[in-house]
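For reference, the structure discussed in these notes is given below.
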Amino acid sequence: MEARWVSWSEAGEEILDLRRRVFMDELGWREERIHHGRDSDGLHLCALSGGRIVAAISAYVYEPGAPELAAMELPGVDGPTVEIGKRVELAAYRGRLISAQIGTSMLRQICESLQPSRFFLIVRVNDHRHLIERYARRNFTYHTEIGSGDDAIAVMKVEGGEALEEFYLKHRDLARESSRSGGIPVPSLVRFLVDSARGDLLAVERLGAENHYLELLSRRAEAPRLTAQGRLILAEQRPRLASAPLPPAPASLLDIGSGPGEYLAAVAKEGPLAGYRVRGVEPAAQLLARARANFPEYTFRQGTAYATGEEDASHDVITAHFLFVHLRSPDLALLEMHRILRPGGLLYVVDVDDTSFRGPKAIHRMIRTYDYRYAGDRMVMNDLPGRAAEFGFRLVRRSATTLRNTGGPEPVFGRDEIRLGRAEAWNLLSFVRSQRGLDEIVQEAEEHYLATGCEISLNLETQVYRIPSPQEDGR
Ligand SMILES: C[S@@+](CC[C@H](N)C(=O)[O-])C[C@H]1O[C@@H](n2cnc3c(N)ncnc32)[C@H](O)[C@@H]1O
């Protein structure tokens, strides 16, 4: 079984056929109900078995002011509204909840790359009133009922910043769970939109206006934490950099999410990178100002991972140190990175991977709760290779260093491991306190940590990708 985003011109007839079999033959609906006025430019996600579509779900994007919204008695909102509809699956596949599974992934991906201001769906109350309750469990609220008799529909919606965020977090969690338990992998919506010349739907600006890293942190507490982390990582990275297939100087390096620039300035002096032309991109004005003041020898520009402002194919190397975990849309960042890297260029990523955390239950629970609520994604390193492959990146190195709390005050560097003191290791997790509503869980975890001699560990991953040059691709 595989999932695929399809265009209406390519698969519309097959989807209509499926809707006919279910909506008309099984439910006895009229022909007109199998059509949707926006099908031709809808986003259709299908599940296929043996190359045949066995389930489908569709999403329709409306700009503010679209007449369909007024017809649903939905008042104006600033951004796009997305309707989810025409979910259908062949009877033989229903027990496997295929359309529910691909639907969850569709909602997650729409939140991540389109960032709509509202979702809505309609329920035909005569046949499906029970679905109102089911969608309510997925955070849709009842909006209104329109029409009467056989044609009566209930409109359900999700709207407003907080409700949309809860909706996103829930569907991301369900999608992760589904992929952990062997669900059907769903390809990237960003990739599909770009390939089908619909890239204008991507919420590049709205996503770029978010900074999940900064929104929770107190800068006074974070600056020393980041400096300490930078020192540790530099030592950890030295052998990794030395063995990475980096091009010889002078090459052009762009660091994305360069923050105050300290780590970039330190790493740029390392052997393989010394002599490179170095630039940084950073969205936060205050961090950018610090980087420019402290490191005038490098160029820093304001931009985001989704819109760096750099020229096409203008860099040999891109570095992303502790960036990906703070992004809502890694796919959109990968798209941009691919645009500005030269063929043969390298993407060098360093980040933590919370899926590797090992430790007692109470601390595990703290990490999981934080991860559930954080709009960035501290588990992204786990699926970055799969995502990056969709954007033309080939994974050429992947290594993990396990950070353990079994050392003394001075870190001890072993092969693929660093042993830290108990207090120093706990300090690396201090960012969890920034998340609202976690106080009790953090306190419980901390008490457990202090009262027991428990061991904890977490992996730091380095992943190096290359965009194959045209010659390599042709091989
Ligand atoms: C943990 S800090 C890492 C800073 C630096 N790379 C280092 O290793 O010291 C994360 C950085 O990513 C930046 N950031 C957050 N969202 C971003 C986005 N959408 N695009 C680019 N950078 C972003 C933050 O402002 C911050 O500077």
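The values are calculated or read from the model by the stated rules, or taken from the named source; none is laboratory data. The model shown is predicted, which means the values in this text are computed figures rather than measured ones. With ideal geometry, Cβ positions are generated from the backbone for all residues, glycine too; neighbour counts draw on all protein chains shown. Note: areas computed on protein heavy atoms with side chains; ligands, DNA, RNA excluded. Shrake-Rupley method; radii C 1.70, N 1.55, O 1.52, S 1.80 Å.
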Handout entry: Odd one out for Y263 among (1) part of a helix (DSSP H, G or I); (2) buried (at least 19 other Cβ atoms within 10 Å of the Cβ); (3) away from the ligand (no atom under 15 Å from the Cβ)
Key = (3)
Handout entry: Single residue of A70, A59 found to be in the same structural domain as E165 (by TED's automatic domain parsing), of a type in the set (A, V, I, L, M) and either assigned to a strand (DSSP E or B) or touching a residue at least 12 places away in the same chain (Cβ under 8 Å) (or both)
Key = A59
Completion exercise
Of the residues in region 429-441, those that are in contact with a helix residue (DSSP H, G or I) (Cβ under 7 Å, 6 or more places away or on another chain), at pLDDT below 95 and in a helix (DSSP H, G or I) come to S430, V432, R433, S434
Practice task
Please work out which residue is surrounded by the fewest Cβ atoms within 10 Å (Cβ to Cβ), limiting yourself to region 221-249 and to residues that are polar (S, T, N, Q) and within 11 Å of the ligand (Cβ to nearest atom).
Solution key: T227
Fill in the blank from the handout: Checked A400, A388, A423 against criteria (open to solvent by less than 10 Å² (accessible area, probe 1.4 Å) and not polar (S, T, N, Q)); the one match is A388
Exercise for the section: Collect the residues in region 164-199 that are among the polar types (S, T, N, Q) and in a helix (DSSP H, G or I), keeping them in residue-number order. Expected result: S178, S179
Exercise for the section: Among the residues of region 350-376, write down those that are of a type in the set (V, I, T) and in contact with a Ser or Thr (Cβ under 7 Å, 6 or more places away or on another chain). Expected result: V350
Practice task
Return the pairs, sorted by first residue and then second, in which the second residue is of a type in the set (K, R), the first residue lies in region 277-289 and is more than 15 Å from V267 (Cβ to Cβ), the beta carbons are less than 7 Å apart, and the residues are 6+ apart or on different chains.
Solution key: V281/R301
Problem - Sole residue being more than 14 Å from the ligand (Cβ to nearest atom) and buried (at least 23 other Cβ atoms within 10 Å of the Cβ), chosen from L341, L332 - result: L341
